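Comments concern the structure below.
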Amino acid sequence: MRRRDVLKGVALGAASLALPKVVIARPASVLRYMPGADLAVLDPLASSAFVTCYHANLAFDTLFGQDTKFNPHPQMVDGYVVENDGKLWRLVLRDGLKFHDGEPVLARDCVASIKRWGQADAFGQALMAVTNELTAASDKEIVFRLSRPFPLLPAALGKSSTYVPVIMPERQALQSRSQLISDPVGSGPYRYIHSERVPGQLTVYEKFADYQPRADGVSDFTSGPKIAHIDRLEWRWIPDQSTAASALQANEIDWWEAPLVDLLPLLEADPNIVIDTIGELGDMGIVRFNHLQPPFDRPEMRRAFAKMVSQTEMMQAMAGRTWDDNVGFFTPESPMASMEGLPIAQSEPNFAEIKASLAAVGYKGEKITVLDPPSSYRIHTLTSMLVDQMKRAGLNVDVVALDYANWAQRRTNRDTPENGGWNLVATLLPGQELWDPAGHIALRGNGGDAWPGWPTSPGLESLRDEWLQSPDEAARADICRRMQLQAIQDLPYVPAGRWTTPTAYRKGLTGVSRHIPIFYNLKIER
Amino acid sequence: MLHYILRRVLSTVPVMGIVAFLVFSLLYLAPGDPASVIAGEQASAADIERIREQLGLDRPYLIRFGEWLWHIMRGDLGVSVFSSIPVTQLIVQRLEPTVSLMVYTLILSVLIAVPMGVLAAWKAGTSIDRAVMTFAVLGFSIPVFVIGYLLAYVMALKLGWFPVQGYAPLSSGIGPWLRSLTLPALALSCVYVALIARTTRATMLEVLNQDYIKTARAKGLNQFPILFHHALKNAAVPVVTVIGIGVALLIGGAVVTESVFVLPGLGRLTVDAILQRDYPVIQGVILLFSFLYIIINLIVDIVYTIVDPRIRY
């Protein structure tokens, strides 16, 4: 190559910098959204990550939807009839439903999807346990034949929290659950674009032109007409919080789901940014015991320990702003919540008394292993406060710091702490999941099948069964009151308070849903 | 020379074999696995166990290693356990931003650092020399992410000259591509500039005291040809070595820089894969980095023969 050629190339390159920008045809409207976590798993029934739940609600549709108060309403279903004293349900699909690959949604797709969901979800498992037969009577009609009445069937098939009972094509629904679905096909108002996915960076959805919204009802959360006003949604994952704050300020993203509380003053100072608390139900702190290992295999030890978990202290450290203490086992706004048996611990516990009561129930200074994932700041903050309280109560604490993947794996180890197990973890669950016993995984007492911690409580399980069969809300609320009293006796976990995390978006975004980010019915003006 | 290059290329095979063994074994021994990350916070132990079985994580070490090695030998790096995308495809998808960033940083660093080092050596002991050395100390001392935040705040957020984050591919035009890479490259080049400038200064000082330079000066040659033609060429071998070694620094720095500036490169891919325990991706990327490092060392050795004809293989 001659020097002159090189110089010519450099000159051409430099000249191109001065060229006018090429105008690229862009869709009419684009929303750039940064979720609270990277969307790592696209299979809606494989991961309980919140972000996967948002993806499920966006790209898929459900037979029933929920309003803001979590009441079910028909969504894909046109109507339904209940016969044989509540033991026969006939659900009829509405016209014009199509999957994103252009195929019509048929009853057999729904049957296969419900069966798949029924293996993954606790509410689904309860429904399947009373289902003798689930069939497609025709292309439009789904038939449930139950062994006993299940009045909450629409609520189960309309839940919007993990795991969402999404409808997918039969061929995907019949796939083994062991095999992750990496290119999901839904029938919701937005279509997932597999070819544009950059794992760990970008997920793209486009308005599904063939989607037929309901003609009746009012748009409210996941119920009523789902109208896609925005043409294209770009979920951009920014791992660094400072960069995310700058990107929002510089108009490089439109919506940041969960900014750090520490960064809120910076964002509030920007007149183009709105700080809004959409997740009004917030997150609930949980101090979970390992019921299989001493010393927390004994209920009297758990009850003595629970007296030292000051929700006030936990929440002051956790949230700084909007939080509630003195909360029980259900989300405070739920009709299922009550003050029965509360408070479990005082705001300012008397640690000398607690130390004495721990000794009285046989605590002799045994080492208590607490797992702590410092990289997960919310769990780490709760854990740090818990450890501080334990030390003040004179407990011998062994804090094991782990990265999240290791924490998540070790939490499933049922062995002794010396063999890779644990005694205590602090964690959190969204308030939406703790709304009632249906999806409340932390309140199960089904031993080895329960969420890690594995509590056994026949009392809690029997009350849950009673709740699932209960015909009206007043009766259900009374059962939950009794469940709370039972939980205070058995202590599958200790409630550690509730806090809300604001979201931040640029002015011009309207129709932002409550509870979780829902992208239909959302409008953007630039 | 050809024989030497062939021998060196062949010698990469056992080295890559050792790297493969070490990477696989370290990941096998490391606690945590992707099943618990895939399953998420609310999963039961049974859910996690089901995913572990599906991923084959419950099988013995030797069987897993043997299978993986067999696939590697056939050029198959496996499939990401999260996205189900082939690792090769993920690497190809992420190669452009990282290579762009590294090349841009390398060019920027050499263009800034070599003249700085030469200048400092020429003006040794003066305020110019002290200024260059102060910059070098700062370049070494300030972490890349701090420089990145400062640059983003001033040049992107306040002045609006560059985007805060993101990457514009080369296919979108040279202008947008350079705009998206300038801040990350500046941040990443600081430590590299410091390293090359210090080395250049030290070797230049040594060369400038040699008799042939004194003779050139006595003959009345200008400073410019003395510094850049006679001295720099003879000081180049250590500088080239440092540039070669520095590529490893760049790879490490790219991990941080790509996270701060949200570049979809190999650094981000590696960090995400490590946090998620996405074994096939971690193994694939580390093998690639090892291979690149071996090749860069080979290129450095070949460059020696160009800058110093006395070196022969």
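The values are calculated or read from the model by the stated rules, or taken from the named source; none is laboratory data. The shown structure was predicted, so the numbers you read here are calculated from the model rather than taken from an experiment. In this analysis, Cβ positions are derived from the backbone assuming ideal geometry, glycine residues included, and neighbour counts consider all displayed protein chains.
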Any residue that is surrounded by 15 or more Cβ atoms within 10 Å (Cβ to Cβ) and within 11 Å of another protein chain (Cβ to nearest Cβ) - is there at least one of those in the range B:129-139?
no
For the list (1) of a type in the set (Lys, Arg); (2) within 14 Å of chain B (Cβ to nearest Cβ); (3) surrounded by fewer than 22 Cβ atoms within 10 Å (Cβ to Cβ), I need the number of the one condition that residue A:116 fails.
(3)
Taking the stated definitions as given, is residue B:145 away from chain A (no Cβ under 14 Å), of a type in the set (Phe, Trp, Tyr) and within 22 Å of the chain's Cα centre (by Cα)?
no
Which one of A:157, A:180 is modelled with pLDDT under 95 and within 16 Å of residue A:60 (Cβ to Cβ)?
A:180
Of (1) farther than 22 Å from residue A:190 by Cα; (2) touching a helix residue (DSSP H, G or I) at 6+ places or on another chain (Cβ under 9 Å), residue A:132 satisfies every one except (2)
State yes or no: is residue B:154 free of Cβ contacts under 8 Å to residues at least 12 places away in the same chain, surrounded by fewer than 17 Cβ atoms within 10 Å (Cβ to Cβ) and of a type in the set (Val, Ile, Thr)?
yes
Inspect the range A:147-155 for any residue being assigned to a loop (DSSP other than H, G, I, E, B), within 14 Å of another protein chain (Cβ to nearest Cβ), surrounded by fewer than 19 Cβ atoms within 10 Å (Cβ to Cβ) and in contact with a helix residue (DSSP H, G or I) (Cβ under 7 Å, 6 or more places away or on another chain) and give the result as yes or no.
no
Residue that is more than 9 Å from chain B (Cβ to nearest Cβ) and either on the phi < 0 side of the Ramachandran plot or surrounded by fewer than 21 Cβ atoms within 10 Å (Cβ to Cβ) (or both), where the choices are A:172, A:249
A:172
Suppose the filter is within 14 Å of chain B (Cβ to nearest Cβ) and of a type in the set (A, V, I, L, M, F, W, C); does residue A:434 pass it?
yes
State whether one or more residues within the range A:161-169 are touching a helix residue (DSSP H, G or I) at 6+ places or on another chain (Cβ under 8 Å), within 30 Å of residue A:243 (Cβ to Cβ), away from chain B (no Cβ under 11 Å) and of a type in the set (Ser, Thr, Tyr).
no
Taking the range A:192-238 and keeping residues modelled with pLDDT under 95, surrounded by fewer than 19 Cβ atoms within 10 Å (Cβ to Cβ) and within 13 Å of chain B (Cβ to nearest Cβ) leaves A:194, A:195, A:196, A:202
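Given the range B:1-106, what helices (runs of 4 or more DSSP H) lie entirely inside it while holding 1 or more residues that are at pLDDT below 85, within 14 Å of chain A (Cβ to nearest Cβ) and loosely packed, with under 14 Cβ neighbours inside 10 Å? Can you show your working first?
Values: elements: B:2-29, B:34-39, B:45-55, B:61-73.
Counting at least 1 such residues, we get B:2-29, B:45-55.
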Could we say that residue A:138 is in a loop (DSSP other than H, G, I, E, B) and in contact with a strand residue (DSSP E or B) (Cβ under 6 Å, 6 or more places away or on another chain) here?
no
Return only the number of the condition from (1) in contact with a helix residue (DSSP H, G or I) (Cβ under 7 Å, 6 or more places away or on another chain); (2) on the phi > 0 side of the Ramachandran plot that residue B:160 does not satisfy.
(1)
Only one of (1) within 14 Å of another protein chain (Cβ to nearest Cβ); (2) crowded, with 22+ Cβ neighbours inside 10 Å; (3) under 25 Å from residue A:332 (Cβ atoms); (4) out of contact with any strand residue (DSSP E or B) (no Cβ under 7 Å at 6 or more places or on another chain) does not apply to residue A:409, and that is (3)
Can you tell me how many residues in the range B:142-175 are over 20 Å from residue B:254 (Cβ atoms) and not aliphatic (A, V, I, L, M)?
8
